[in-house]
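Comments concern the structure below.
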Amino acid sequence: MSLPRAIISELKLRGERLAAAESCTGGMIADLIVSESGASEVFLGSLVCYDSSVKKSVLKVPEDILKNSGAVSRECALSMAQNALKLFNADYALSATGYAEKSDRPDVEDGTIYVAFASKKFSVCEKLVLKKSRNENRLFAAKFALSLLAKNL
């Protein structure tokens, strides 16, 4: 059984729902889930907030996080996941934000992506530093997000 299929089955059993907030993955987390039959029973949606202005205005990531830590940071990823949890009224939320290839910040390595998981009880964030192509890095981060969810269910 594929990981997305296993997640959908587990969420169905629990009567719980999932949402996502995606930046660098551009909807790949959502795509992995909705590619499986039955996703509509557990998946509420994903907000692709690629630009920081959308992270701030729609997802309500605090301006001080974007200004002080940056959109590519643990703080931003956690805020994205926690705010998606509230926005979608979900039981769980995932987020991904980062540089799928070249970083435009000297203090952040190329291929740095933060992936976060949030529930009503706790949140966690993992930092990835990926060295493959842009789209391979994006797909790896999306799959990693699902594995982070599975680990915390």
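Quick notes on this structure:
- Matching residues, region 1-54, being of a type outside the set (A, V, I, L, M, F, W, C) and under 17 Å from F140 (Cβ atoms): S2, P4, E22, S23, T25, G26, G27, D31, S35
- Condition met for L11 (surrounded by 22 or more Cβ atoms within 10 Å (Cβ to Cβ) and touching a residue at least 24 places away in the same chain (Cβ under 8 Å)): yes
- Selection from region 90-113 of residues that are free of Cβ contacts under 8 Å to residues at least 60 places away in the same chain and not acidic (D, E): K102, S103, R105, P106, V108, G111, T112
- For the criterion of being within 22 Å of A6 (Cα to Cα) and either small (G, A, S) or at pLDDT 95 or above (or both), S37 passes.
- Leading residue by the ranking (farthest from D104 (Cα to Cα)) among those in region 15-37 that are part of a helix (DSSP H, G or I) and without any contact (Cβ under 8 Å) to a residue 60 or more places away in the chain: V34
- Residue in region 80-100 that is more than 13 Å from the chain's Cα centre (by Cα) and under 16 Å from G26 (Cβ atoms) present: yes
The values are calculated or read from the model by the stated rules, or taken from the named source; none is laboratory data. Computed from a prediction, not measured in an experiment: that's the story for all the values here. Cβ coordinates were reconstructed from backbone atoms using ideal geometry, including for glycine residues, and neighbour counts include every protein chain displayed.
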